[in-house]
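Undergrad: Please find one structure pasted underneath; my questions will follow.
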There are 2 protein chains.
Amino acid sequence: MIDDTKIKSFLGQNGISPLPKRVKIMQYLIEKHNHPTVDMIYSELLHEIPGLSKTTVYNTLKLFTSKRVAVALNIEDNEIRYDADTATHGHFKCRVCDGVFDFSLDRDQLPEIPLNGFSVDEYHYYLKGVCSSCREKGLG
Amino acid sequence: MIDDTKIKSFLGQNGISPLPKRVKIMQYLIEKHNHPTVDMIYSELLHEIPGLSKTTVYNTLKLFTSKRVAVALNIEDNEIRYDADTATHGHFKCRVCDGVFDFSLDRDQLPEIPLNGFSVDEYHYYLKGVCSSCREKGLG
DNA sequence: TCAAAATTTGTAACGATTACAAAATTATGT
DNA sequence: ACATAATTTTGTAATCGTTACAAATTTTGA
């Protein structure tokens, strides 16, 4: 359980007015760090924030990514997942159970882009396959 | 201009009946290697294949990716791009002009996944930023 | 406290993708 | 080659994630 105050000041430092719903959504992202979809955030926070609108979740996540306090993951074909961990790290998607796993990765482990004059501000390293749990069950 | 015969035998070798529309779509992917969306393939091939249906393009690409003669790229938030180059290589997306650029990359330049018992069968390395052309124009 | 600015809501629209049944094409056996 | 079965294609409708937008609400700051 993270202190509200810390999240409020963190948002404020990043140019985001720390409105109550924004604080709750950021708190959700940080505490669960489960790469949620918009629908997951919406349906789980609805219990805690009655009357929450899905549009607010969309708006808030767009704001978070534009201010770079969260990152959008395109590891699925059909929907965007979000991650409050903006440090470079890798993501693995299991094609059997659909789970998304983090793994640590330093920026300097990744090769530099061999294109002159390009500036890079986001690094995404996605692996797909079968996770250990599904393999043990003989799936995949 | 690639020989039809080569594409037909390539598809056949990969367990895909080399029906005429499939051959044309594969030929498009190989010759243009422009990471097209379904809509790009559909609208450009419509001139060459009158009566082509967009559903056929979707079906064919699903078949190609399941047989691993093409790879789906999730470098955009909203739509899937396709690449007939199934060898590992990197992709750069310019957030100004929306262009997608390839860059070479060996599998062994990428770090191994530090997760025991996981099997990996797809590697995606996506970078985002501003391309040299847009930077020269002072954009981004 | 009050008015202006910003945010949230709810509904409708949008666009990519999928479902599905009918029509067309291709493959198979004789 | 022919008939038939199996596969593929088509076109439309449905689905689902996301965005647009105007009205209602909340926040901000004088």
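Every number in this text was worked out from the coordinates using simple rules, so none of it is lab data. Computed from a predicted model, the values in this text were never measured in an experiment. Counting neighbours? That spans all protein chains shown, and the Cβs are built from the backbone with ideal geometry, glycine included.
Undergrad: Filter the chymotrypsin sites (Phe, Trp or Tyr not before Pro) in the stretch B:69-117 to those in DSSP coil with at most 16 other Cβ atoms within 10 Å of their Cβ, and list the result.
TA: Details: sites: B:Tyr82, B:Phe92, B:Phe101, B:Phe103; in loops: none.
In loop regions of the stretch B:69-117 (DSSP not H, G, I, E or B), there are no sparsely surrounded chymotrypsin sites (Phe, Trp or Tyr not before Pro).
Undergrad: Let me ask something else. Modelling each spin label as a point 7 Å along the Cα-to-Cβ direction, I'd like the A:Asp4/B:Lys62 distance in nm, to one decimal.
TA: Going by the 7 Å Cα→Cβ label model, 4.8 nm.
Undergrad: Okay, next question. Taking the number of other C-beta atoms within 10 Å as the exposure measure, put A:His35, B:His47 in order starting with the fewest. Working shown, then result.
TA: Details: A:His35 23, B:His47 8.
Starting with the residue having the fewest Cβ neighbours, the order is B:His47, A:His35.
Undergrad: Can I ask one more? Between the stretch B:63-140 and the stretch B:1-53, what is the C-alpha centre distance in whole Å?
TA: Between the Cα centre of the stretch B:63-140 and that of the stretch B:1-53, the gap is 21 Å.
Undergrad: Summing +1 for each Lys or Arg and -1 for each Asp or Glu, what net charge is found among the other residues whose Cβ lies under 11 Å from the Cβ of B:Gly15? Display every interim value, and only then the final one.
TA: Values: positive: B:Lys67, B:Arg68; negative: none.
Here the count lands on +2.
Undergrad: Next question. Under 30 Å from the Cα of A:Lys67, which lysines turn up, not counting those fewer than eight places away in the same chain?
TA: A:Lys6, A:Lys8, A:Lys21, A:Lys24, A:Lys32, A:Lys54, A:Lys93, A:Lys128, B:Lys93, B:Lys128, B:Lys137
Undergrad: Can I ask one more? Any idea what angle helix A:20-32 forms with the longest principal axis of chain A, computed on alpha-carbon atoms, 0 to 90 degrees, nearest 10?
TA: 30 degrees
Undergrad: OK, next. Could you grab the Rg to Rh ratio for the stretch B:87-136? Cα atoms only, Kirkwood for Rh. Don't skip to the answer; put the middle values down first.
TA: Values: Rg = 13.9 Å, Rh = 12.6 Å.
Rg/Rh for the stretch B:87-136 comes to 1.10.
Undergrad: Here's another thing I want to ask about it. Hey, what angle do you get for helix B:4-13 against the long axis of chain B, alpha-carbon based, 0 to 90 degrees rounded to 10?
TA: It works out to around 80 degrees.
Undergrad: Let me have the 222 nm mean residue ellipticity of chain B computed from DSSP H runs of 4+ only, each contributing -39500 (n - 2.57), with the sum over all residues rounded to the nearest 500.
TA: On the way: 5 runs with 49 residues, N = 140.
That comes out to -10000 deg cm²/dmol.
Undergrad: Compute the acute angle (0 to 90°) between the alpha-carbon long axis of helix B:54-66 and the principal axis of greatest extent of the alpha-carbon atoms of chain B; round to the nearest 10°.
TA: 70 degrees
Undergrad: Defining the label point at 7 Å along Cα→Cβ, can you sort the distances from A:Ser9 to the same site in each other copy, shortest first, in nm?
TA: For A:Ser9, the other copies' label points sit at 7.1 nm, shortest first.
Undergrad: OK, next. By the scheme Lys and Arg +1, Asp and Glu -1, what is the net charge of all other residues having a beta-carbon under 10 Å from that of A:Arg68?
TA: Numbers: positive: A:Lys67; negative: A:Asp121, A:Glu122.
Taking every other residue near A:Arg68 into account, the sum is -1.
Undergrad: Among A:Thr37, B:Thr5, which comes first, then next, by fewest other beta-carbon atoms within 10 Å? Write down the numbers at each step before the final one.
TA: On the way: A:Thr37 17, B:Thr5 10.
If I rank by nearby Cβ atoms, fewest first, I get B:Thr5, A:Thr37.
Undergrad: Sorted from shortest, what are the nm distances separating the label point of B:Cys97 from equivalent points in the other copies, each placed 7 Å from Cα along Cα to C-beta?
TA: 4.4
Undergrad: Rounded to whole Å, how close does chain A get to the rotation axis onto B by Cβ? Give me the residue too, please?
TA: Here the value is A:Asn74, 2.
Undergrad: I want the local charge near A:Gly51. Using Cβ-Cβ distances under 13 Å, sum +1 for each Lys or Arg and -1 for each Asp or Glu among the other residues.
TA: Numbers: positive: A:Lys21, A:Lys24, A:Lys54; negative: A:Glu48.
For residues surrounding A:Gly51, the net value is +2.
Undergrad: I want to verify the translational diffusion coefficient of the stretch B:4-73 in µm²/s; compute it with Stokes-Einstein, Rh as the Kirkwood radius over Cα pairs, at 25 °C and 0.890 mPa s.
TA: 203 µm²/s
Undergrad: Oh, and also: Taking neighbour Cβ counts within 10 Å as the exposure measure, how do B:Arg107, A:Arg81 sort from fewest upward?
TA: Working: B:Arg107 9, A:Arg81 19.
Ordered by Cβ neighbours within 10 Å, fewest first: B:Arg107, A:Arg81.
Undergrad: Hey, for B:Ile30 with labels 7 Å out along Cα-Cβ, what do the inter-copy distances come to in nm, ordered shortest first?
TA: 5.4
Undergrad: While we're here: Cα-Cα pairs above 32 Å in the protein assembly as shown: how many percent?
TA: On the way: 13639 of 39060 pairs.
Value for the protein assembly as shown (Cα pairs over 32 Å): 35 percent.
Undergrad: Nearest 5 is fine: what % of DSSP beta bridges in the protein assembly as shown come out antiparallel, could you say? Before the final figure, lay out the partial values.
TA: Details: 29 of 37 bridges.
Percent antiparallel among DSSP bridges in the protein assembly as shown is about 80.
Undergrad: For B:Gly99, list long-range residues whose amide hydrogen, built 1.01 Å from N in the peptide plane, is under 5 Å from its own amide hydrogen.
TA: Those lying under 5 Å, H to H, from B:Gly99 are B:Cys94.
Undergrad: Let me ask another. Classify chain B: rounded, prolate or oblate, from the alpha-carbon gyration tensor (a ≥ b ≥ c, eigenvalue square roots; a/c under 1.5 rounded; otherwise prolate if a/b is larger than b/c)?
TA: oblate
Undergrad: Something else now. Given the Cα-Cα distance of A:Leu19 and A:Asp98 and 0.36 nm per residue of separation, how much length would full extension add, in nm? Write out the running numbers ahead of the final one.
TA: Working: separation 79, 0.36 × 79 = 28.44 nm, distance 3.31 nm.
Full extension of this stretch gives 25.1 nm more.
Undergrad: Can you pull out the GluC sites (Glu not before Pro) in the stretch A:25-129 whose DSSP state is coil and whose Cβ has at most 11 other Cβ atoms within 10 Å?
TA: On the way: sites: A:Glu31, A:Glu44, A:Glu48, A:Glu76, A:Glu79, A:Glu112, A:Glu122; in loops: A:Glu48, A:Glu76, A:Glu79, A:Glu112.
Here the GluC sites (Glu not before Pro) that fit, given the DSSP loop and packing criteria, are A:Glu48, A:Glu112.
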